[in-house]
Amino acid sequence: MSFLLDTNICSAHLKRPSGLIHRFVQHGGSLHISTIVLGELYTWAYRREDPKILLSLIENDLLTELTVLDFDKACAARFGELQSGLLRLGNSVNPVDLMIASVALTHDLTLVTHNTKHFAAIPVLRLADWLTA
């Protein structure tokens, strides 16, 4: 099984690597993040007074353990399909979360997040929470 990591899982790993290191080792080679999540991580870093340490952790530690997946044309099509279906049902999901979910579904990955409630309305999306499991 392969996994797409949400921003909160990556930030938890960067803040306290020992808390999730067993998962990263256990699933080495099958861990991914989307360019959407990478953008959120860069935002987190650049909001700090001195972003250098966090940028170094992102680029020299985290990115060496993961494969980065682009939000591409196939993901955009999946996003449109999902959002239109959710809107027809009267549901709404934050567009950024829906973009992340679209990457997971396009690449047949389980999304690892601590915010499972944010993604619960998305059909067929497999979820895991490594911070409570």
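Number of residues in region 78-120 that are touching a Lys or Arg at 6+ places or on another chain (Cβ under 9 Å) and buried (at least 18 other Cβ atoms within 10 Å of the Cβ) equals 9.
For Val93, the conditions (1) touching a helix residue (DSSP H, G or I) at 6+ places or on another chain (Cβ under 7 Å); (2) of a type in the set (Val, Ile, Thr); (3) modelled with pLDDT of 95 or more all hold with the exception of (3).
Across region 20-34, which residue is surrounded by the most Cβ atoms within 10 Å (Cβ to Cβ) among those that are closer than 14 Å to Leu69 by Cβ and in contact (Cβ under 8 Å) with a residue 40 or more places away in the chain? Only one residue tops the list, namely Ser34. Restricting attention to region 18-33, does a residue exist that is among the small types (Gly, Ala, Ser), assigned to a loop (DSSP other than H, G, I, E, B) and within 15 Å of the chain's Cα centre (by Cα)? For region 18-33, residues among the small types (Gly, Ala, Ser), assigned to a loop (DSSP other than H, G, I, E, B) and within 15 Å of the chain's Cα centre (by Cα): present.
Kindly indicate which of Leu98, Leu111 is at pLDDT 95 or above, closer than 12 Å to Arg78 by Cα and not β-branched (Val, Ile, Thr). The match here is Leu98.
The values are calculated or read from the model by the stated rules, or taken from the named source; none is laboratory data. Small disclaimer: the values here were computed from a predicted structure and weren't measured. Heads up, the Cβs are rebuilt from the backbone with ideal geometry, glycines too, and the neighbour counts pull from every protein chain shown.
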